[in-house]
1. In region 148-218, what is the volume of the convex hull around the alpha carbon atoms, normalised per residue and reported in Å³?
2. Return the whole-Å distance between the Cα centroid of region 19-55 and the Cα centroid of region 217-236.
3. If you average the C-alpha positions of region 112-169 and of region 255-270 separately, how far apart do those two centres end up, in angstrom?
4. Taking springs between alpha-carbon atoms closer than 10 angstrom, which of 86, 58, 231 fluctuates most in the Gaussian network model of the chain?
5. Grab the DSSP H runs of the chain that are 4 residues or longer, score each as -39,500 (n - 2.57), total them, divide by all residues and round the 222 nm result to the nearest 500 deg cm²/dmol.
6. Provide, in order from the shortest bin, the percent of all Cα-Cα pairs of the chain in each 10 Å bin, continuing until the bin that contains the maximum pair distance.
7. In a Gaussian network model over the chain where Cα atoms closer than 10 Å are linked, find which of 43, 96, 32 has the largest mean-square fluctuation.
8. Under the √(5λ) rule applied to the eigenvalues of the Cα gyration tensor, what semi-axes describe the equivalent ellipsoid of region 1-137? Give them in Å, descending.
């Protein structure tokens, strides 16, 4: 199977960036996409809303459902998943893409920011999975894919920004646990992480990053598509890297993903 035609995806943080790119790749197959994000009205600092994303999904050939949803709120997530199932008749795939970032040291991390990262990243991924799983367990080829790095205890990733590393590793450990619990029931629970820094609005949070040395979000979207098309049973608990996935799928030329193919690429955090 190398198409997501007719599949229903619930994607968090899909109003822009990597989440939107994953939605658009699935839409080209004719998938149904629930776009779950907080951005319902345009923000001059951050382009993209659930409504602009929904329009782009439908223009690409998919069916879209725009859902204003704060994944910190249990009732909102439950209602969004229920609305998705009601509209499309089921749920096949959860993509935990929404994430909060703050790359500062301990003394420069307000507790409000620390709490936001823990609530959105690890808790949000757990909550979305908890609400989606009763429906995923009924699906013929169910997947949970979380945008999280391979787990690491290397101090070089913890020292500079303990709060953010804890939050991202939380997503990784949620993946590990859910894979152990639901992999045996035929749900593919895996993580995907980019080999290079990706040119998204999150770059504004990383000081001194040259966009020319990044790849475009489509590289992650194409890798996610390859993962989500796989047979779910027996494929769980993997920490996948986008470039490795695409090489395995036969991609050899990665220059089309580069913002500027002449520039050396920046490796992503945690790799």
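Values in this text are rule-based calculations from the coordinates and carry no lab data. What you see is a predicted model; the values in this text were computed from it and never measured. Cβ sites come from the backbone with ideal geometry, for glycine too, and all protein chains shown count toward neighbours.
1. Expressed per residue, the convex hull around the Cα atoms of region 148-218 is 110 Å³.
2. Going from one Cα centre to the other spans 19 Å.
3. Result: 25 Å between the Cα centres.
4. Looking only at 86, 58, 231, the biggest GNM fluctuation is shown by 86.
5. So the calculated ellipticity at 222 nm is -11500 deg cm²/dmol.
6. P(r) over the chain, rounded to whole percents: 7, 31, 40, 19, 3.
7. With Cα springs under 10 Å in the chain, the top fluctuation among 43, 96, 32 is at 43.
8. 26, 17, 13
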